Amino acid sequence: MLPVNQLCTLDCPQDGYVLSDQQLEQYAAEGVLLVKQLFAPADLQPMCTELSGRLSLLEQHYGLEVQEDASQIAQISDRLQQLEQRCPGAQSILYDAMNAAPSLHASGTHPRLMSLLQQLLSPEISIHDRYIILMSMPDAEWHLASWHQDWYYNEGPWSTITLYAPLQNTDHRNGSLTFALGEHQKPPVPHDEHDHGIRTKWHSLPPDVVQGFDRVVPTALEAGDVLLFHSLTPHTPSKNQSEHVRFVLNLRYRDLRDPQFLKDGWRIKEITHARKAMQRTAS
């Protein structure tokens with residue numbers, strides 16, 4: 001395994017937001033770009049504020065003590081765990097409610113971010129309609145996606161880019177991503193139920209395929225850092241072994257100039273295999 005963060009990296013703001021030919025070539029070869037400090041603290045705070053506000057409404061609804069001023073990420077983590085313990089399923093309600101949070105939509109179209117995506121894709125980009133804040137609870141496995149390619153769950157152009165932006169410092173201990181660099185240059189790999197050491201509802205890559213990866217790179221990010229990666233780049237999170245919920249902004253961007261996507265009228269058929277997998281409940 002290579003050292004942590006041995007990835008194509010843009011050190012913002014010193015480098016500006018223009019990718020060099022070398023960086024573009026490296027992204028094309030490896031399928032992952034790390035952008036340091038793309039989001040400033042002021043960019044992340046509105047998401048924390050809206051998480052806190054929705055938690056306050058749920059706390060009030062379920063008869064818990066309302067903590068309106070506790071909007072730091074560690075406080076939000078504590079409140080969510082208390083709420084979920086008292087009212088199982090509340091996390092799922094919060095997860096769905098954040099899809100329509102204005103702060104997520106604003107962050108997803110941040111000018112610095114859009115500039116980079118237009119360099120990696122094209123000037124004409126669409127955003128996947130799911131605006132997600134991932135919420136990985138401590139020691140949870142059922143909702144943890146082991147080795148997979150995002151394309152299996154979203155389809156569209158292979159070139160589609162996933163954004164992964166943690167709201168707190170994230171490393172192996174609290175569930176950071178590990179990538180298999182360069183594997184996106186191969187066709188999509190069939191997914192199914194496989195054993196990668198955790199019990200999860202997600203379909204994943206065959207273990208023998210994973211064992212054949214020769215450039216496996218773990219990551220460690222600070223709040224404000226962003227990973228941008230190709231939809232066929234295999235990756236896996238580690239299990240969150242910290243005491244806090246791991247929160248991550250998770251979005252996807254599609255290239256409207258992709259010939260097949262344009263031919264399909266920019267429409268994607270229902271992805272039944274993924275839907276059936278994700279609708280399963282722990283037994």
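Using the 2.2 N^0.38 Å rule of thumb for compact globular proteins, work out how the stretch 73-180 stacks up: its C-alpha Rg over that value, please.
Details: Rg = 15.7 Å, N = 108, 2.2 N^0.38 = 13.0 Å.
Normalised Rg, Cα atoms only: 1.21.
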Q. log₁₀ I(q)/I(0) of the chain at q = 0.12 Å⁻¹, via Debye over equal Cα point scatterers, no solvent, to two decimals?
A. -0.77
Q) Once both labels are modelled 7 Å past Cα along the beta-carbon direction, what's the Gln45-Asn99 spacing in nm? A) 3.0
Q: Enter the angle in degrees (range 0 to 90, nearest 10) between the Cα long axis of helix 41-61 and the first principal axis of the Cα atoms of the chain, meaning the one along which they spread out most.
A: 40
Q: Please name which of Pro88, Ser77, Leu51 has its Cα lying farthest along the dipole of the stretch 40-109 towards the positive end, using unit charges on Cβ (Lys, Arg +1; Asp, Glu -1) and the Cα centre as origin.
A: Pro88
Q) If you build a Gaussian network model of the chain, linking Cα atoms that sit under 10 Å apart, which residue out of Ile161, Ile133, Ile271 swings the most? A) Ile271
**Q.** Partner aspartates and glutamates for Lys36 [C-alpha distance under 20 Å; skip if fewer than 8 residues away on the same chain]
**A.** Asp11, Asp15, Asp21, Glu25, Asp171, Glu222, Asp225
Q. What residue among Leu58, Leu181, Leu38 has the largest mean-square fluctuation in a Gaussian network model of the chain, using Cα springs under 10 Å?
A. Leu58
Q.
Taking the alpha-carbon distance from Lys269 and a cut-off under 23 Å, which lysines remain once sequence neighbours fewer than 8 residues away in the same chain are dropped?
A. Lys186, Lys201
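Could you work out how much longer the chain between Glu141 and Asp192 gets when fully extended? Use 0.36 nm per residue separation minus the Cα distance between them, nm to one decimal. Walk me through the intermediate numbers first.
Details: separation 51, 0.36 × 51 = 18.36 nm, distance 1.68 nm.
Residue separation times 0.36 nm, minus the Cα-Cα distance, leaves 16.7 nm.
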Q) For the chain, what is the charge dipole size about the Cα centre, in debye to the nearest 20, if Lys and Arg each add +1 at the Cβ and Asp and Glu each add -1 at the Cβ? A) 580
Q) So how far apart, in nm, are the two label points at Ala74 and His61 if each is 7 Å from Cα heading toward Cβ? A) 2.9
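Could you quote the convex hull projected area for the stretch 40-109, Cα atoms only and averaged over all directions, in nm²?
Numbers: hull surface 18.0 nm².
For the stretch 40-109, averaging the hull's shadow over all directions gives 4.5 nm².
Here, each number is a calculation from the coordinates, and none is a lab measurement. Predicted model, so just to flag it, every value in this text is computed and none were measured. Here Cβ is always computed from backbone atoms with ideal geometry, including for glycine, and neighbour counts include all displayed protein chains.
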